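Written out below as structure tokens is the structure these notes cover.
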Amino acid sequence: MTAIVGPQSTASVRPVPNALFAIEQAGTPEGVAGTLNVTTGTVTVTAGGVANLAASGDLHYTYQQSVAASTWTVVHNLGKRPSVAVVDTGGNLVVGAVSYPDANTCVLTFGAAFAGTAYLN
């Protein structure tokens, strides 16, 4: 499967154990956001998404999970239910379940423990 990345580039999408898919693209994972249409299997990824939103003045938060865990509790204090993009230490986009116990906390749950970064906006 191929993902559309930015205006004129693509990235490969491959299955990853304990995740729905991983997106591999040259460069850094900062600012990678994506959507998955389960009905059609279409994956659309926008590089620079988080960075662009931060530049527009919207509230955002970056959370670093340095110890491998299958559940991440993120206290972000944004006062909203932010969108979440998670990248493992290898730079792969990882999909998990997101719940919001309140407007300042989200809990991310995955099928296996790993370390990485969560980008919230």
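Each value in this text was obtained by applying a stated rule to the coordinates, not by laboratory testing. Everything numeric in this text was worked out from a predicted model, so none of it was measured. All Cβ positions, even for glycine, are placed from backbone atoms using ideal geometry, and neighbour counts span all protein chains on display.
Could you tell me whether region 71-121 comes out rounded, prolate or oblate from its Cα gyration tensor? Rule is a ≥ b ≥ c as square roots of the eigenvalues, rounded for a/c under 1.5, then prolate if a/b exceeds b/c, otherwise oblate. Prolate, since a/c reaches 1.5 and a/b exceeds b/c.
Rounded to the nearest Hz, the phi-derived 3J(HN,Hα) couplings of region 113-121 under the Karplus curve 6.51 cos²θ - 1.76 cosθ + 1.60 (θ = phi - 60°) are 6, 7, 9, x, 10, 10, 10, 10, 9, where x marks glycine and proline.
The Cβ shell under 15 Å around P101 holds other residues with a net charge of +1, Lys and Arg each +1, Asp and Glu each -1. Once the chain from V67 to A115 is taken as fully extended at 0.36 nm per residue, the excess over their C-alpha distance is 16.7 nm. Most tightly packed first, judged by the mean number of other beta-carbon atoms within 10 Å of their residues, the peptides 112-121, 77-86 read 112-121, 77-86.
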